[in-house]
Amino acid sequence: MDVVIRKAEAWDADGIWAALAPVFAAGETYAVPRDWDREAALAYWLAPGKTSFVAVLEGQVAGTYSLRANQAGGGAHVANCGYITAGWAQGRGVARAMCLHSLEVARTAGFRAMQFNLVVSTNTRAVRLWQELSFAIIGTLPGAFAHPHQGDVDAHVMYCTL
């Protein structure tokens, strides 16, 4: 598998939207409005203060991630990322490649840690992958995520020192 990860460019918008749309609409892993249109979703993902990347596989956007400081001021040394793999590319190592890439980008940018603020507990593939990549569950928020099929489920805060 030859995944190429690079900064997102304006011409990637269609591919990014194609990855985001089904995930956001499903409402199972991201705490964003399920009815966001293309403009709202891209404005969120590509917002000022974030650096967004695409993972390209077989000439198509196979995934995307965005990196930012988790907090301002005294928390600005901790990075935060969100990752989405396109449905057709799942199970092919794209999320792993994006996370490893993001850890290196964060280190290079001077971040000293990375924190995921809301990892839905039912997203077991993601929880397992993040743990394999040195993230620890440092807290569990009971019933913090309103899952569209399972009701209120726990969400984890996950953290990794860089």
The answer for region 98-162, accessible area per residue at 1.4 Å probe in Å², is 51
A correct Karplus calculation of ³J(HN,Hα) over region 153-162, with 6.51 cos²θ - 1.76 cosθ + 1.60, θ = phi - 60°, whole Hz and x for Gly and Pro, returns 10, 5, 10, 9, 9, 10, 9, 9, 7, 9
Here the Kirkwood hydrodynamic radius of region 19-97, Cα-based and in Å, equals 13.5
Listed residues Ala109, Ala31, Ala95; largest mean-square fluctuation, Gaussian network over the chain with Cα springs below 10 Å, found at Ala109
The rounded separation in angstrom of the Cα centers of region 139-156 and region 1-70 is 23
What helix-only [θ] at 222 nm does the chain give? Using -39500 (n - 2.57) per DSSP H run of at least 4, over all residues, to the nearest 500, the answer is -8500 deg cm²/dmol
Residues meeting the amide H criterion for Gly63 (H placed from the backbone, H to H distance under 5 Å, 5 or more places apart or on another chain) are Ala55, Ala86
Counting all Cα-Cα pairs in region 19-162, those more than 21 Å apart amount in percent to 43
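The values are calculated or read from the model by the stated rules, or taken from the named source; none is laboratory data. Owing to the predicted nature of the structure, the values given are computational and were not obtained by experimental measurement. Protein only, heavy atoms only, side chains kept; ligands, DNA and RNA dropped before computing areas. Shrake-Rupley method; radii C 1.70, N 1.55, O 1.52, S 1.80 Å.
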